[in-house]
């Protein structure tokens with residue numbers, strides 16, 4: 001039986017425990033694509049799951065991690081073959097489906113996105129789920145008619161992952177961005193990303 005390293009979260013008498021362990025291939029959940037995970041990110045939700053500070057994990061044992069970039073090892077899904085470079089985020093990974101903090105993940109092929117040419121797995125996860133969420137937000141605003149000429153855009157939670165990327169993207173697109181944060185010590189950082197105030 002093949003095993004691999006994973007950060008496993010287990011139910012304990014008082015809360016949960018998290019540890020780096022060996023995980024058995026046979027314990028992987030249903031899915032039609034097995035991916036060798038190369039990079040992941042540490043999201044707020046991952047921090048909550050690993051520390052047990054909030055009830056993020058819905059099944060045990062759980063492998064933490066809500067996103068990954070990696071290389072397909074095996075696939076019975078028609079869109080993917082061994083060697084394909086892919087990205088996955090969301091879909092309950094790290095909550096109800098075994099997640100990304102492991103050397104392997106098995107997921108449904110429909111959850112995967114092809115890693116664009118010229119972007120490494122590391123670079124994709126530098127942007128990660130926070131960047132993906134920020135960009136979806138920007139696209140939704142533009143779909144509803146927002147343009148740089150519409151006036152200032154306020155980004156709340158500006159010093160967080162989603163907020164930081166949203167500021168950078170919006171300012172690059174020519175928007176007048178106002179950053180809202182409770183941490184004034186982050187003002188220079190936020191201005192460096194493109195916030196005007």
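Some notes on this structure:
- log₁₀ of I(q)/I(0) at q = 0.11, 0.25, 0.26, 0.29 Å⁻¹ - the range 128-193, Debye sum with one point per alpha carbon: -0.22, -1.09, -1.16, -1.35
- Rg(Cα)/(2.2 N^0.38 Å) for the range 72-143, N = residue count: 1.19
- Long-range tail of P(r) for the range 3-114 (Cα pairs > 17 Å, %): 48 percent
- Relative contact order of the chain, pairs being alpha-carbon contacts under 8 Å that are 6 or more residues apart, as %: 18 percent
- Label-point gap, in nm, between residue 4 and residue 187 - each point 7 angstrom along Cα→Cβ: 4.7 nm
- If the segment from residue 74 to residue 139 were pulled out straight at 0.36 nm per residue, it would be longer than the present Cα-Cα gap by 20.1 nm.
- Förster radius 30 Å - calculated FRET efficiency between residue 156 and residue 13, Cβ distance, rounded to 0.05: 0.20
- DSSP bridge orientation in the chain - percent antiparallel, rounded to nearest 5: 85 percent
- In terms of other Cβ atoms within 10 Å, 4, 60, 68, 23 run from fewest to most in the order 60, 4, 23, 68.
- Applying the Kirkwood pairwise sum to the alpha-carbon positions of the chain produces a hydrodynamic radius of 18.2 angstrom.
- Cα centroid separation - the range 94-142 against the range 1-74, whole Å: 15 Å
- The chain: calculated mean residue ellipticity at 222 nm from DSSP helix runs of at least 4, using -39500 (n - 2.57): -8000 deg cm²/dmol
FYI, it's all coordinate maths here, none of it is from the lab. This one's a predicted model, so the numbers in the text were calculated from it and none came from an experiment. Neighbour counts run over all protein chains shown; Cβ positions are idealised from the backbone, glycine included.
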